[in-house]
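Read the structure below first, then the notes.
The values are calculated or read from the model by the stated rules, or taken from the named source; none is laboratory data. For clarity, every value in this text was computed on a predicted model and none was experimentally measured. Cβ placement follows ideal geometry from the backbone for every residue including glycine, while neighbour counts extend to all protein chains displayed. Only protein heavy atoms, including side chains, enter the accessible area calculation; ligands, DNA and RNA are left aside. Shrake-Rupley method; radii C 1.70, N 1.55, O 1.52, S 1.80 Å.
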Amino acid sequence: MTIHRDGLEHDIVTDFSSRMSYSAYLDLETLLSAQHPVSRPEHHDELLFIIQHQTTELWLKLVLHEIRAARAAFDADDMGVALKCVARVEHIQKTLTEQWSVLATLTPTEYAQFRRFLGNSSGFQSHQYRAIEFILGNKNAAVLRVFESDAAAHAQLATLLREPTLYDAFWRHLSRIGLDVPRSMLERDVTEAHTLDRELLALVQSIYQAPEQHWSVYEAFEELVDLEENFQLWRFRHLRTVLRVIGRKGGTGGSSGAGFLQRALEHTYFPELFAVRTWTGH
């Protein structure tokens, strides 16, 4: 390795007149010019608020990408690839959860100085978050009304509403490889949120009672539990950050704020995988 007198290694590329640079590949000019504070005079902390939410949306884009891939892998009966995608999502979730600690540095006084400029814009209107909820199973057709003014977002959500969820794809895969999955799960209305299926719970319970007979399925159950638990931790951290910054005020988009977030903690994507814990060992 040869070092120039200026400290650069000999083979470091410095001429990008005809080469793609790091900045060009990532389109940093667009990315770094996408922050547009609306407070007047511009408040110092609004940039934090914008970047917090923009980076969250970037991570949500990747989460949705990976969950779609996991669903496709289950459809192709490749559980290994599906669980690899799920594992990546779990690492992203940890980053998203820890990220709330940055926003929590915003004090109530600081946020109050620019919150009124946000109008009715709210994280409730995140179509990517809603897309993730839909593909994981928390479907609600009424939510589409929020996105009627955004044709692309509305179309994406309408499509996901009609499509099977990750959980549907998982159980259909298990049925094809020989498990006696109840018809109530295989033929359910996929436009509705999945609720606890007692027949399915009985199957899950039988696997937890003798995991050595279906070890790969048993492991997959636990991966899905990790996925849901991470979402719950993210939601909880969101709730605690909201309480810390605005207390019990309503959300800018019209929600009840902390109350709405508290109720979200009660939802489960994979009810049988959590209900089985009550009955295992009985």
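For the stretch 165-179, a residue qualifies if it is open to solvent by 40 Å² or more (accessible area, probe 1.4 Å) and either under 19 Å from the mean Cα position of the chain (by Cα) or of a type in the set (Lys, Arg) (or both), and the qualifying residues are 172, 176. Remark: pairs (first residue in the stretch 73-93, under 16 Å from residue 164 (Cβ atoms); second residue outside any helix (DSSP H, G or I); Cβ separation under 8 Å; 6+ apart in sequence or on different chains) = 77/177. Return yes or no: is residue 176 out of contact with any strand residue (DSSP E or B) (no Cβ under 8 Å at 6 or more places or on another chain) and touching a residue at least 12 places away in the same chain (Cβ under 8 Å)? When the stated conditions are applied, residue 176 passes them. The lone criterion from (1) closer than 21 Å to residue 87 by Cβ; (2) outside any helix (DSSP H, G or I) left unmet by residue 170 is number (2). Return yes when residue 208 is assigned to a loop (DSSP other than H, G, I, E, B), of a type in the set (Phe, Trp, Tyr) and in contact (Cβ under 8 Å) with a residue 60 or more places away in the chain and no when it is not. Criteria not met by residue 208.
Results for (1) within 23 Å of the chain's Cα centre (by Cα); (2) loosely packed, with under 15 Cβ neighbours inside 10 Å; (3) not acidic (Asp, Glu), shown as yes or no for each residue.
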residue	(1), (2), (3)
200	no, no, yes
204	no, no, yes
220	yes, no, yes
232	yes, no, yes
238	yes, no, yes
253	yes, no, yes
259	yes, yes, yes
264	yes, no, yes
278	no, yes, yes
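Among the residues of the stretch 125-142, are any at pLDDT below 95, assigned to a helix (DSSP H, G or I), under 18 Å from residue 57 (Cβ atoms) and within 18 Å of the chain's Cα centre (by Cα)? Yes: one or more hits. Residue pairs whose Cβ atoms lie under 9 Å apart, separated by 6 or more positions or on different chains, with the first residue in the stretch 249-274 and more than 17 Å from residue 124 (Cα to Cα) and the second β-branched (Val, Ile, Thr) and open to solvent by less than 30 Å² (accessible area, probe 1.4 Å), are 269/165; 270/225; 272/204; 273/204; 273/225; 274/225.
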